[in-house]
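Enquirer: Would you mind keeping the following structure in view while I ask a few things?
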Amino acid sequence: MSARDRVRVSVARASWWGDPRLRGVLIQVLLAAAVVGLVGWLAANAADNLARGSIATGFGFLSRPANFEIGECLIPCSAADSYARAFLVGLLNTLKVGAAGLVLATVLGTLIGIARLSSNWLVSRLAMVYVEAVRNVPLLLQLFLWYAVITEALPGPRQALAPLPGVFLSNRGMMLPVPVSDPAWLAAGGALVAAVVAVAAMRCWKARPFPLPWFAATGLVVGAPALAWLVLGAPAALDIPHLAGFNFRGGVTLSPELLALLLGLVIYTGAFIAEIVRSGILAVDRGQTEAARALGLSSGLILRLVVLPQALRLIVPPLTSQYLNLLKNSSLAVAIGYPDVVSVLDTAINQTGQAIEGVTLIMGVFLVISLSLSALMNWYNARIRLR
Amino acid sequence: MKRGLMVAAVAVLTLAVTVGPARAGTTFDAVKARGFIQCGTNVGLAGFSSPDSSGRWTGLDVDICRAVAAAMFGDAEKVKYTPLSTQQRFTALQSGEVDLLSRNTTWTLTRDTANGLHFAPATFYDGQGFMVAKKLGLKSARELDGATICVQTGTTTELNLADYFRSHKMTFQPVVIEALSEVNHAFFSGRCDVLTSDTSQLASIRAADAPNPEDYVILPELISKEPLAPAVRHGDDQWFDLVRWVVFATLEAEEKGITSKTVDAALTSSDPAVQRLLGVQPGMGQAVGVGDKWVYNIVKQVGNYGEIFQRNVGKDSPLKLERGFNALWTQGGLMYSPPFR
């Protein structure tokens with residue numbers, strides 16, 4: 001082979017392999033094939049092994065009666081219900097603690113974040129100690145701590161503390177009085193939702209902003225439900241918790257498990273949110289604050305009208321990931337006995353022995369919740385960005 | 001805890017990646033080649049499986065693992081233990097992480113069939129009961145309407161509890177926690193009025209974990225049948241046979257009056273049944289695939305069933321349980337071995 005031939009061969013090779021586009025396509029195809037192959041091999045193997053061990057498979061178990069009781073139900077539940085309903089009960093419990101946790105953690109985090117920037121030495125140092133202490137201790141330990149505090153430090157139901165009339169605090173949880181159920185309360189709830197939707201719609205009406213001053217909006221949101229309640233007879237009877245047998249009956253109970261989980265999640269995530277809020281505020285140029293002060297705005301107004309709206313754009317993306325963390329961390333509930341979706345499905349896995357199906361359901365649930373929340377936050381982020 | 005779920009996930013993955021030829025003797029041969037038994041036990045239940053002060057695993061369930069090792073290898077110490085939670089135990093066995101599950105596990109139809117397990121004969125006949133604080137002054141489980149009840153997740157206990165309260169038209173508030181230590185903690189701190197589990201387990205918890213064991217009573221009602229039995233996975237009849245007959249051997253030895261102290265003398269016995277059992281007349285060991293000295297090794301190193309019982313949960317232990325159902329059939333109990341011939 002002459003020198004020239006060799007050059008020609010290497011050029012021919014280079015022309016094929018040297019093309020980054022072709023090479024990229026080839027690598028991607030190979031990778032995709034490998035992934036599909038691996039997943040297929042795993043699935044076939046699992047099916048084969050399950051069949052050989054004659055282990056039951058499929059989601060048929062969901063329609064069978066679950067036969068176990070769940071401690072807290074947002075919808076009526078009993079041991080006679082199906083696994084599917086038990087799953088739904090667990091899912092609602094997860095959503096309940098998730099929703100309450102998101103709101104409370106955001107409020108706490110924002111307050112602490114602002115407190116860390118306070119010019120008051122004591123306030124800012126206290127906020128710093130809180131953030132550093134809470135952020136650096138594993139959440140699971142914090143949950144055990146809160147659970148132990150509630151169950152060990154609080155008295156039994158017979159010696160319950162009564163911080164407010166009708167409110168009892170014991171190692172069985174917090175018992176609160178609730179209004180006796182009445183159509184008027186249902187109507188008031190409906191009116192509240194309608195009022196909030198109406199205000200939001202008027203605010204968002206881009207084409208012709210509807211003149212809606214804040215006092216009118218507040219009036220609508222408060223007034224509409226009050227009016228509905230008054231018109232339907234203003235029922236004021238309360239269902240007050242009282243001791244009967246082993247425990248309190250009546251009213252509504254926030255269980256120690258729920259309280260411990262909520263406290264743990266809110267305090268832990270709040271610390272991270274505080275840092276995000278602080279960094280967001282600090283990232284707003286000092287000149288903005290100085291200019292606002294030069295215009296004669298008070299410091300409260302500067303925060304509300306100038307700093308926060310700009311900081312929000314920086315806060316929302318990392319905040320989204322903290323929200324997702326909070327939701328996923330709620331699955332630690334199983335350690336302290338709160339019946340969230342993981343806990344319920346864990347039980348189902350044990351009773352049916354169908355681990356693959358159960359784990360798939362758990363993953364599916366968290367994927368759907370996380371992606372939905374993520375989509376919502378991305379939409380919000382897009383709405384507030386600079387245009 | 002999270003670990004439970006992690007292990008479940010890992011086990012699912014193990015199920016997915018394990019490729020094994022489907023033939024009898026898979027587990028048996030693998031264990032033999034490996035030289036030790038991987039035994040799934042409880043994470044810590046006094047009397048059944050718990051590490052002692054020097055870190056050695058002891059207990060009735062542990063002794064079953066040791067007896068199988070004594071039969072197979074002639075050495076009861078050839079066992080490695082995998083402590084498993086209620087959550088992890090079945091997937092650990094199904095996926096091959098352990099060869100034998102000897103972990104106070106109730107033998108039920110579903111587990112024996114749909115979960116892909118085989119149960120050896122029960123090593124402890126138990127029933128579910130309730131433990132309450134003595135100061136409540138309760139006399140019967142029928143007085144528990146409205147009580148808050150602590151229960152460990154993933155057990156037959158959870159199901160029996162719901163059944164019992166439903167059939168007696170009573171209500172209860174369950175507090176379901178995965179880790180046994182956390183369940184006990186919740187009960188002793190007063191979070192629950194009642195702790196429910198198998199009565200042997202309640203006795204164990206009361207003896208080992210209660211701040212003051214005298215303050216707690218176990219109510220008289222047994223609300224379920226809980227035959228606790230060792231389990232192996234489907235797919236290896238030879239291994240199942242060995243485990244099953246090791247359990248029978250401990251019973252048969254007790255029935256013949258052979259203990260770890262008298263076993264050497266019994267070798268010279270003129271009773272043909274004893275001769276067959278101890279391998280003086282060959283044949284029995286070969287049938288289960290091990291050496292003819294297998295029962296001799298079990299009894300010599302681990303003891304007969306009576307010795308195992310008394311040492312771990314009976315009169316020589318802090319639990320002080322009566323033999324009850326667990327006496328030999330000749331003494332009015334349920335423990336019965338088919339003939340060794």
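All of the numbers you see were taken from the coordinates with simple rules; none came from a lab. None of the values given here were measured: they were computed from a predicted structure. FYI the Cβ positions are ideal-geometry reconstructions off the backbone, even for glycines, and counts take in every protein chain you see.
Enquirer: Contour minus end-to-end for A:ALA133 and A:ARG158, with contour as 0.36 nm per residue of separation and end-to-end as the Cα-Cα distance?
Expert: 5.5 nm
Enquirer: Please identify the longest segment of chain B free of exposed chymotrypsin sites (Phe, Trp or Tyr not before Pro), where exposed means a DSSP state other than H, G, I, E or B and no more than 16 other Cβ atoms within 10 Å.
Expert: B:37-335
Enquirer: While we're here: What's the extension gain from A:TRP16 to A:ALA32 if we count 0.36 nm per residue and subtract their Cα-Cα distance?
Expert: Residue separation times 0.36 nm, minus the Cα-Cα distance, leaves 3.7 nm.
Enquirer: Taking H as built 1.01 Å from N, whose amide H comes closer than 5 Å to the amide H of B:LEU84, not counting residues under 5 places away?
Expert: Amide H to amide H, under 5 Å and 5 or more residues apart or across chains, B:LEU84 pairs with B:THR41, B:ASN42, B:VAL43.
Enquirer: Given R₀ = 22 Å, what would the calculated FRET efficiency be for A:LEU232 paired with A:ALA198, taking r from the Cβ atoms and rounding to 0.05?
Expert: On the way: r = 20 Å, r/R0 = 0.92.
In this case the efficiency is close to 0.65.
Enquirer: For B:LYS300, give me every one of the lysines with a C-alpha distance below 25 angstrom, ignoring sequence neighbours fewer than eight places off in its own chain.
Expert: B:LYS32, B:LYS78, B:LYS80, B:LYS256, B:LYS261, B:LYS315, B:LYS320
Enquirer: No other cysteine beta carbon under 4.7 Å away is the test; run it over chain A and list who passes.
Expert: Unpaired cysteines in chain A: A:CYS204.
Enquirer: Measure off 7 Å from each Cα along the Cα-to-Cβ vector at B:SER54 and A:ALA291, then give the distance between these two points in nanometres to one decimal.
Expert: My value for the distance between the label points is 7.9 nm.
Enquirer: 222 nm [θ] for chain B, helices only, -39500 (n - 2.57) per DSSP H run of 4+, per residue, to 500?
Expert: Here the helix-only value at 222 nm equals -11000 deg cm²/dmol.
Enquirer: Another question, then. Using label points projected 7 Å from each Cα along Cα→Cβ, tell me how many nm separate B:SER270 and A:THR360, to one decimal.
Expert: Reported label-point gap for B:SER270 and A:THR360 is 6.8 nm.
Enquirer: For A:LEU141, project a label point 7 Å along Cα to C-beta. Then give me every residue of region A:316-335 with its amide nitrogen under 16 Å of that point.
Expert: Counting only backbone N, you get no residues.
Enquirer: So between A:SER118 and A:ALA148, what do we pick up on full extension, going 0.36 nm a residue minus the alpha carbon distance? Working shown, then result.
Expert: On the way: separation 30, 0.36 × 30 = 10.80 nm, distance 3.35 nm.
Contour length minus the Cα-Cα distance gives 7.5 nm.
Enquirer: With +1 on each Lys and Arg Cβ and -1 on each Asp and Glu Cβ, and nothing else charged, work out how big the dipole of chain A is about its Cα centre, in Debye to the nearest 20.
Expert: It comes to approximately 1760 debye.
Enquirer: Another one. Using modelled backbone amide H atoms (1.01 Å from N, in-plane), which distant-in-sequence or interchain residues come within less than 5 Å of B:ARG233's amide H?
Expert: So B:ARG233 has HN proximity to B:HIS118.
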